[in-house]
1. Based on this model, can you work out whether Leu134 counts as surrounded by 22 or more Cβ atoms within 10 Å (Cβ to Cβ) and assigned to a helix (DSSP H, G or I)?
2. Of everything in segment 418-445, what is of a type in the set (Ser, Thr, Tyr) and open to solvent by less than 10 Å² (accessible area, probe 1.4 Å)? Give them in sequence order.
3. Give just the number: which of (1) under 19 Å from Leu432 (Cα atoms); (2) within 12 Å of ligand 1 (Cβ to nearest atom); (3) open to solvent by less than 40 Å² (accessible area, probe 1.4 Å); (4) not basic (Lys, Arg) does Asp347 not satisfy?
4. Only residues that are among the polar types (S, T, N, Q) and more than 16 Å from Arg351 (Cα to Cα): list them for segment 295-326, please.
5. With the structure loaded, tell me whether Ile37 is surrounded by 15 or more Cβ atoms within 10 Å (Cβ to Cβ), in contact (Cβ under 8 Å) with a residue 12 or more places away in the chain and more than 22 Å from Glu136 (Cα to Cα) or whether it fails that test.
6. Taking segment 446-489 only, how many residues are out of contact with any Cys (no Cβ under 9 Å at 6 or more places or on another chain), farther than 17 Å from Cys389 by Cβ, surrounded by 24 or more Cβ atoms within 10 Å (Cβ to Cβ) and not hydroxyl-bearing (Ser, Thr, Tyr)?
7. Out of the residues in segment 279-309 that are in a loop (DSSP other than H, G, I, E, B) and hydrophobic (A, V, I, L, M, F, W, C), state the one that is surrounded by the fewest Cβ atoms within 10 Å (Cβ to Cβ).
8. Do you know which of the residues in segment 420-477 that are within 16 Å of ligand 2 (Cβ to nearest atom) and among the hydroxyl-bearing types (Ser, Thr, Tyr) is nearest to Arg105 (Cα to Cα)?
Amino acid sequence: MMFVNGIKCNAVNMNEADYRHADAIVIMLCKECVPAIEKLLLPQNIGKTVSAYLALHDDIFEPCELRSLVVDSDGKLQLIVIVGCGCGNECKPNNFRKAAGVVSRELQRQKISKAVLAAPILLNNERAHYLQALAEGLYLGAYKFTEYKSDAKKIAGCSVTVVSTVNEAVQTIGRAEIIASGVSYARTLANRPGNAVTPEVMANEAAKAAAENGLEIEILDRNYLADKKMGAILAVGQGSNNAPYMIILKYNGAGDAPFTAYVGKGITFDSGGISIKPSANMGEMKDDMTGAGVVLSALSVIAKLKLPCNIIGILACAENMPGGTAQRPGDIVTSASGKTIEVVSTDAEGRMVLADAVWYACRHGVKRVIDIATLTGAAIIALGKETACIISNNDSLADTIKIAGKMAGESYWHMPSLPECKKAIKGEIADLVNSTGREAGCITGGLFIGAFVDEGVEWAHLDIAGTSTAEKTAGFTVKGGTGFGVMTLVRLAERI
Ligand code: BES
Ligand code: MN
Ligand code: ZN
């Protein structure tokens, strides 16, 4: 076990739990769990204090509700943290994940170095998914982005011993550790500014990850893209001094079974290009490479977990800048597929880089393509900041993604592929237009990408414009980049 974001977890059985020497004892509860508290074998003074507190406060079972009490245990002060994880139907792994995020921030705030965490629900050998969610939440809730703070204090590590009878608890926590490190890495890539993360830097990051995890890698630079006539990604990148790159990663964990492609939008900064964005909050567009960061992280995690699947990852990276060499609104470009695109707005650049990338994925003979992108403001208007849009040509793939997301604590909604939207993206003078205005913007954006996927290939597009960043810290999410999508793509790889 290792530290992730300053937290280290391990697991023990209740009769091995060393409550006496812990600085903090965390008790995670729902109402239905209260009678089972005695099974945790808490020291008498702790058990008494908890029961007395619960007798007076029955409002603490809401997910993430947290109370800290200080008790005297034979002259030593111990912190008791009681945290709610929902009642009845609500006591689900995802509320565990959220509550655990709140717990790890409280432990850090209280400068705890040794904690024991006990939850009656973990006294059941079939509850590995609860334990995994709990550990993921502990690690992820403690995430901080401090790379640019010259006075950043090194946080003292906190080790959390989880009391559980879950089978293979150590392996389960190990999985959570790998997944949470991957999500944290995706958060960090998104949080780094545009001057630090250029397409070339994405290529270097991918090369590092490939070497570490034994992934095959191919880095397609501007010349290669020109050779392959990838006119759409080249057009997006042509206004920037930072050249575009397409990066191909391959994980072969299932012999000659068919491959699935994960394709990520990697716009390292989206100024809008000549169709320039308003200056207010434009800086947030440093995270427009989140899709690519998520794909890179997911592949690393999948390789570390040695999942039995075949995945090819494609990062479509470019910087969208205005300038003398930039593409103009009205330009018509020829994509790698041969289809022509009228550039109605240079700010609809994500779908263009993805057009060439999903087409290229199909050249590898993949069975299905999942693209992930901070594609449209319309996705935020439609579903808000906590649910991503799915646009797909295959209902059962969309359902599988929704289920994988649910297990991962990431929420999705399947939007309809409306015939009027398919019509709207057809061009008058070119084959397609890259922008159709405000109506159903997340659907038209998705369907545009789908137009470059070969017939017969299953495809789903995940629009994470809303979910890629959080405005406030809550549960296991921390303000800034969320890494949303990594956990879904990993669980999806387990299912396909
Ligand atoms: N990267 C943006 C989408 C975005 C907006 C993500 C806000 C996160 C927050 C994308 O490239 C974009 O500019 N989309 C346009 C598309 C339009 C021109 C068809 C949009 O949503 O306005
Ligand atoms: Mn844009
Ligand atoms: Zn963009």
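1. yes
2. Step one: of segment 418-445, the residues of a type in the set (Ser, Thr, Tyr) are 435-436, 444.
Hit for segment 418-445 is Thr444, nothing else.
3. Exception for Asp347: condition (3).
4. At the first step, the residues of segment 295-326 found to be among the polar types (S, T, N, Q) are 297, 300, 310, 320, 325.
Those that are among the polar types (S, T, N, Q) and more than 16 Å from Arg351 (Cα to Cα): Ser297, Ser300, Asn310, Thr325.
5. On the way: surrounded by 15 or more Cβ atoms within 10 Å (Cβ to Cβ): yes; in contact (Cβ under 8 Å) with a residue 12 or more places away in the chain: yes; more than 22 Å from Glu136 (Cα to Cα): yes.
So Ile37 passes the test.
6. Matching residues across segment 446-489 total 6.
7. Narrowing segment 279-309 to residues in a loop (DSSP other than H, G, I, E, B): 279-281, 288-289, 305-309.
From what is left, the residues that are hydrophobic (A, V, I, L, M, F, W, C) are 280, 289, 305, 307, 309.
Working: Ala280: 7, Met289: 34, Leu305: 18, Leu307: 18, Cys309: 20.
If we take residues in segment 279-309 being in a loop (DSSP other than H, G, I, E, B) and hydrophobic (A, V, I, L, M, F, W, C), then Ala280 is surrounded by the fewest Cβ atoms within 10 Å (Cβ to Cβ).
8. Thr469
The values are calculated or read from the model by the stated rules, or taken from the named source; none is laboratory data. This is a predicted model, so every value here is computed, not measured. With ideal geometry, Cβ positions are generated from the backbone for all residues, glycine too; neighbour counts draw on all protein chains shown. Ligands, DNA and RNA are stripped out before the accessible areas are found, and what is left, the full protein with its side chains, is counted by its heavy atoms. Shrake-Rupley method; radii C 1.70, N 1.55, O 1.52, S 1.80 Å.
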